[in-house]
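Novice: Let me begin by handing over the structure; questions about it come next.
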Amino acid sequence: MSDDNFPKNLELVERFRPMTTKYRISMGQITLAQIIAENPDFISVPGSCSVERLEANVKAGETALNPGWRCERL
């Protein structure tokens with residue numbers, strides 16, 4: 001997250017945008033969905049400040065990505 005790498009990190013994040021649009025979920029949700037796709041036994045225990053955030057995290061778990069999905073396939 002250095003100043004030099006920050007623009008590169010933003011470019012990588014934008015590679016997820018088509019997936020967030022396709023599944024109608026946020027960047028955070030696509031991240032959780034990808035972790036779950038790669039690790040089906042993963043259980044997210046989010047610290048949520050509101051019911052809305054908890055529901056958003058649950059929706060990520062309901063998003064079925066192919067287990068072989070990788071960012072570079074976007």
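Novice: Just give me the residues in region 1-18 being part of a helix (DSSP H, G or I) and either under 26 Å from Leu65 (Cβ atoms) or modelled with pLDDT under 85 (or both), in sequence order.
Specialist: Listed by number, the residues that qualify are Lys8, Asn9, Leu10, Glu11, Leu12, Val13, Glu14, Arg17, Pro18.
Novice: Something else now. Looking only at region 14-42, which residues are open to solvent by 60 Å² or more (accessible area, probe 1.4 Å) and out of contact with any Leu (no Cβ under 7 Å at 6 or more places or on another chain)?
Specialist: Glu14, Arg17, Thr21, Lys22, Tyr23, Arg24, Thr31, Asn39, Pro40, Asp41, Phe42 - these are the residues of region 14-42 that are open to solvent by 60 Å² or more (accessible area, probe 1.4 Å) and out of contact with any Leu (no Cβ under 7 Å at 6 or more places or on another chain).
Novice: So which of Val51, Val45 ends up being open to solvent by 80 Å² or more (accessible area, probe 1.4 Å), modelled with pLDDT of 80 or more and of a type in the set (Val, Ile, Thr)?
Specialist: Val51
Novice: Identify, please: which residue in region 19-37 is over 10 Å from the mean Cα position of the chain (by Cα), part of a helix (DSSP H, G or I) and under 20 Å from Arg53 (Cα atoms) and is, among those, modelled with the highest pLDDT?
Specialist: By that ranking, first place goes to Thr21.
The values are calculated or read from the model by the stated rules, or taken from the named source; none is laboratory data. This is a predicted model, so every value here is computed, not measured. Using ideal geometry, Cβ is built from the backbone for each residue, glycine included, and neighbour counts are taken over all protein chains shown. Keep in mind that these areas ignore ligands, DNA and RNA; they rest on the heavy atoms of the full protein, side chains included. Shrake-Rupley method; radii C 1.70, N 1.55, O 1.52, S 1.80 Å.
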